[in-house]
Amino acid sequence: MVATAKSGQLHASWQAAIGHEFEKPYMQDLRAFLKQEKAAGKTIYPPSPLIFNAFNHTPFEQVRVVIIGQDPYHGPNQAHGLSFSVPEGIPLPPSLKNIFKEIESDLDIKMSGSGDLSPWAAQGVLLLNAALTVEQANAGSHQKRGWEAFTDAAITALNAQREGLVFVLWGSYAQKKGGAINPSKHLVLKSVHPSPLSAHRGFFGNQQFSKINNYLTQQGQTPINWKL
């Protein structure tokens with residue numbers, strides 16, 4: 001059975017918030033689809049134990065910042081369940097390179113070159129892709145199969161049950177997905193996507209990392225240590 005069949009693999013805090021989604025027809029359809037794809041010999045990323053990595057690294061009550069991505073990286077050894085992140089030792093994808101450039105410019109710090117964003121997740125940064133799986137070498141292949149409803153449920157729960165979060169929406173896709181977030185309860189930051197196709201049209205210079213930390217400080221919280 002694939003990971004989606006095992007709701008217990010979801011951290012208990014998220015299980016309480018959105019675990020009921022596993023019983024809905026769309027999730028049963030998604031489970032059947034993933035099982036069928038694997039039976040056909042297709043390689044699916046990330047590996048099954050890492051599908052819910054974002055939730056398991058950042059429990060519901062510990063979320064402070066949400067960075068919304070689209071779907072996992074589709075190259076070998078890249079995806080590990082955290083949006084924009086790659087495991088230690090894997091070359092940085094172009095968008096992540098640009099994210100690091102903006103951090104260095106905004107905060108005047110030097111990044112190490114490691115693309116593993118797990119230390120951010122441990123500080124309360126939910127690195128959430130809209131779709132949680134993808135077929136190897138086939139970007140977007142698992143979109144509109146049900147994952148979006150599941151991740152919408154996560155965003156809806158955070159929006160409703162928490163206050164003072166920061167939602168980071170890069171690009172039109174993320175902005176549409178976060179369209180229902182209440183800006184009177186949360187800080188909503190928008191810009192173009194960090195992709196090389198768009199970064200020069202407003203991602204560079206957006207200073208969103210310092211804005212996040214300023215907001216958290218105003219909320220009486222510890223700022224995020226973005227340095228890796």
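Couple of notes before you dig in:
- For the stretch 53-84, the candidate set comprises residues that are open to solvent by 20 Å² or more (accessible area, probe 1.4 Å) and over 14 Å from Leu126 (Cα atoms); within that set, the residue that is nearest to the chain's Cα centre (by Cα) is Asp71.
- Checking Ser112 against (1) part of a loop (DSSP other than H, G, I, E, B); (2) open to solvent by less than 40 Å² (accessible area, probe 1.4 Å); (3) small (Gly, Ala, Ser); (4) more than 28 Å from Ala17 (Cβ to Cβ), the condition it does not meet: (2)
- Taken over the stretch 133-171, the residue count meeting the criterion of being part of a loop (DSSP other than H, G, I, E, B), open to solvent by less than 10 Å² (accessible area, probe 1.4 Å) and of a type in the set (A, V, I, L, M, F, W, C) is 1.
- Selection status of Gly178, open to solvent by less than 10 Å² (accessible area, probe 1.4 Å) and in contact (Cβ under 8 Å) with a residue 24 or more places away in the chain: yes
- Scan of the stretch 91-109 for residues that are open to solvent by 10 Å² or more (accessible area, probe 1.4 Å) and more than 18 Å from the chain's Cα centre (by Cα), ordered by number: Pro91, Lys101, Glu104, Ser105, Asp106, Leu107, Asp108, Ile109
- Being touching an Asp or Glu at 6+ places or on another chain (Cβ under 7 Å) and either closer than 18 Å to Ala174 by Cα or free of Cβ contacts under 8 Å to residues at least 12 places away in the same chain (or both) is a property that Ala130 has.
- Matching option when the condition is within 17 Å of the chain's Cα centre (by Cα), within 30 Å of Pro194 (Cα to Cα) and modelled with pLDDT of 95 or more, among Leu30, Leu50: Leu50
The values are calculated or read from the model by the stated rules, or taken from the named source; none is laboratory data. These numbers were taken from a predicted model, which means no experiment stands behind them. Counting neighbours? That spans all protein chains shown, and the Cβs are built from the backbone with ideal geometry, glycine included. Note: accessible area is taken over every heavy atom of the protein model, side chains too, but ligands, DNA and RNA are not part of it. Shrake-Rupley method; radii C 1.70, N 1.55, O 1.52, S 1.80 Å.
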